Amino acid sequence: LNCDVIVFEGTSKTMSKVRISGGGRCNVMHDKTKPLPQILSSYPRGHKELRGLYTKRFTPDDAYDWFTSRGVQLKTESDGRMFPTTDNSQTIIDTITNAALRAGVEIRTKEKVNSVHLIGESGGGENGRFLVNISSKTQQQSAMEERFDAIILATGSFPLGHEIARSLGHTIVKPVPSLFTFDAKELVNDGGSFNGLAG
């Protein structure tokens, strides 16, 4: 596929969620030696959507091979989570960023997408079918518009991203907090910060 790819990031740095994931170590994936149903059972919400991704698009083996072929050594911990052996999420951020830049992806930080309008049902000709309004903290002008043939919204829980998706005709399912393990055994023992708290 021959195309130009531009990533717009409203802040000064990309992948801030990756930076803090796994306590700053970035749990990249789950033990790829486990059977797929067992891996999917770890995702109470979204396991159906992941099944297609994991079986047709980018399997756990593909993910492992992608990172290791780029020099990232991975380790598997007793609970099945896989981390870079550096125990530093910056390893993963650098690997993804460098791969994107080598592939010709343009990354524009401090440029926030404010709205997206569909201006053509199919094809867009030379002008593109999506009109994207962007505000920039680095350009002289405060807002600008650009046209694109295709867009991918990756907004996480950011409300504006949901509004943009709705404006394009998508239905948004109300997001719910994700659950994670919090090991507080030491904190509830005598002398711990949580010792004696009700609840």
* Based on what the data block shows, is residue 61 in contact (Cβ under 8 Å) with a residue 40 or more places away in the chain and either out of contact with any strand residue (DSSP E or B) (no Cβ under 9 Å at 6 or more places or on another chain) or of a type in the set (Asp, Glu) (or both)? -> no
* Structure fact -> Note on segment 150-178: residues charged (D, E, K, R) and farther than 14 Å from residue 117 by Cα are 174
* Would you pick out the residues in segment 8-18 that are in contact (Cβ under 8 Å) with a residue 60 or more places away in the chain and either exposed (fewer than 15 other Cβ atoms within 10 Å of the Cβ) or more than 14 Å from the chain's Cα centre (by Cα) (or both)? -> 10, 11, 12, 13, 17
* To do: Pairs only if they're at least six apart or on different chains, beta carbon under 7 angstrom, first in segment 125-147 and surrounded by 13 or more Cβ atoms within 10 Å (Cβ to Cβ), second at pLDDT 90 or above and basic (Lys, Arg); list them, first residue then second.
  => 128/147; 130/147; 131/147; 134/112; 135/112; 136/110
* **Set 181, 85: member being farther than 24 Å from residue 10 by Cα, exposed (fewer than 14 other Cβ atoms within 10 Å of the Cβ) and modelled with pLDDT of 90 or more** => 85
* Structure fact -> The correct count of residues that are surrounded by 10 or more Cβ atoms within 10 Å (Cβ to Cβ) and at pLDDT 75 or above in segment 160-178 is 11
* Asked: Among the residues of segment 19-70, how many are assigned to a helix (DSSP H, G or I), modelled with pLDDT of 85 or more and open to solvent by 40 Å² or more (accessible area, probe 1.4 Å)?
  -> 9
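The values are calculated or read from the model by the stated rules, or taken from the named source; none is laboratory data. Because the structure is a prediction, the values reported are computed rather than measured. Ideal geometry is used to build each Cβ from the backbone, glycine not excepted, and the neighbour counts take in all protein chains shown. Please note that ligands, DNA and RNA were not included when accessible areas were found on the heavy atoms of the full protein model with its side chains. Shrake-Rupley method; radii C 1.70, N 1.55, O 1.52, S 1.80 Å.
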